[in-house]
Amino acid sequence: MSNESTQQTAVNLCQRLKSDKISRSTGVMKAYSIEFRQKIVKAYLQGNTSMRKVAARFEVSKSFVQKLLKPQKTHGHLNLGKPGRVMKSELDKQSTKLTLMVEKYPDATLSE
């Protein structure tokens, strides 16, 4: 496959994935698919290109490409599992203490 046809294939894939990127029902951005992430990493690891060029080719940010490649550099493998993480509240650490306080001082709640 020539470099030009490879680049055109990447552009076509980007357009297809970008069109599906925003949920029509909620208007919220969806996470990039594992397939798309793997294509970005593969394109960079083939060599003879920079992160900026790969980012431009796939229409993503350079920092996104860096984030995908970080596990490869630090651990020697790619961890392209499910994207995202669970956000925890600072109050989670204090839930027992808060429960005891509410039981001890029930008049301090909004249910009055």
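For the reader, a short list of remarks on this structure follows.
- Highest mean packing comes first when the peptides 33-42, 94-103 are listed by Cβ atoms within 10 Å, giving 33-42, 94-103.
- Cβ-Cβ FRET estimate between residue 34 and residue 93, R0 fixed at 41 Å, reported to 0.05: 0.80
- Theoretical FRET efficiency, 1/(1+(r/R0)^6), r = Cβ-Cβ of residue 74 and residue 48, R0 25 Å, to 0.05: 0.60
- Beyond 23 Å in Cα-Cα separation lie the following of the pairs 42/73; 39/67; 67/93; 42/88; 42/67: 67/93; 42/88.
Computed from the coordinates by the stated procedures, all read-outs in this text should not be read as laboratory data. Because the structure is a prediction, the values reported are computed rather than measured. When we count neighbours, we look across all protein chains shown, and the Cβ atoms used for this are built from the backbone with ideal geometry, even at glycine.
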